[in-house]
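So the structure is just underneath, and the comments pick up after that.
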Amino acid sequence: MPLTFDDLLARARRLPRGGRRALLGIAGSPGAGKSTLAEHLVRELNGTGTPWVAHVPMDGFHLADVELDRLGRRDRKGAPDTFDAAGYAALLDRLRAEEEDGDVVYAPGFERVLEQPVAGAVPVPPSARLVVTEGNYLLLESGAWARVRARLDEVWFCALEETERVRRLVARHERFGKSPADAAAWALGPDRRNAELVAATRHRADLVVPAQAVPDVRGSASSTPG
């Protein structure tokens, strides 16, 4: 039987056990649908009751442009060494340790129009027993990224046909201000190099999620998945 979105919901519901907070990671190449899947999971699992699932994207740990300029890495923005990987791993530790009667944990967000991280933008309340976090490098084994996998209960890998992934990625870059030529150049340059690196980590995932199992990625020309 093909994997369905209902299967994913059921699997995610089972992750928290005994009141302990669980962390679900969603990995995949740029444009593969990570954000779309995470947003659908969080919305459907929370329903209309008290929210018990939170969404913490990895993108909040982008280094700011001013720091990328200082390091000479701005032309590779989005590569593994343009993130604060150690800070991300430390946040996962704190999220895992926080109890139901503990404090709100604030995570950084990422403003796509400005293409800059924003401190304290994502609140994770104590009531959140499942945290869904998504990003490119959750399964990477180099540097501080190697600390991430062990802090996640499961990691799912979003798989999308390559031509469609690139098309959606170009559309997303255009949507957030790049010209068509610049969008294509970035998607086929830095983004493609990063995508190849991410694709090589697929075997470390607990589950590979096909595009057909993600509602907005199934043949929707207007969606721009993460």
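The values are calculated or read from the model by the stated rules, or taken from the named source; none is laboratory data. For clarity, every value in this text was computed on a predicted model and none was experimentally measured. Glycine also receives a Cβ, built like all others from the backbone with ideal geometry; neighbour counts cover every protein chain displayed.
Overview of results
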| read-out | value |
| --- | --- |
| Strands (runs of 3 or more DSSP E) wholly inside the range 53-127 that include at least 2 residues being in contact (Cβ under 8 Å) with a residue 12 or more places away in the chain and hydroxyl-bearing (Ser, Thr, Tyr) | none |
| Which numbered condition residue 54 fails, given (1) touching an Asp or Glu at 6+ places or on another chain (Cβ under 9 Å); (2) of a type outside the set (D, E, K, R); (3) modelled with pLDDT of 95 or more; (4) under 23 Å from residue 156 (Cβ atoms) | (1) |
| All positions within the range 31-52 that are under 15 Å from residue 210 (Cα atoms) and not in a helix (DSSP H, G or I) | 31, 32, 33 |
| Among (1) touching a Leu at 6+ places or on another chain (Cβ under 6 Å); (2) closer than 30 Å to residue 185 by Cβ - the single one residue 23 does not satisfy | (2) |
| Subset of the range 142-167 [under 16 Å from the mean Cα position of the chain (by Cα) and either outside any helix (DSSP H, G or I) or modelled with pLDDT under 95 (or both)] | 148, 152, 153, 154, 155, 156, 157, 158, 159, 160, 165 |
| Every pair of residues 6+ apart whose Cβ atoms lie under 8 Å, when the first sits in the range 33-50 and is closer than 14 Å to residue 133 by Cβ while the second is surrounded by fewer than 16 Cβ atoms within 10 Å (Cβ to Cβ) and of a type in the set (A, V, I, L, M, F, W, C) | 41/9 |
| Test: residue in the range 14-37 that is surrounded by fewer than 14 Cβ atoms within 10 Å (Cβ to Cβ) and β-branched (Val, Ile, Thr) | no |
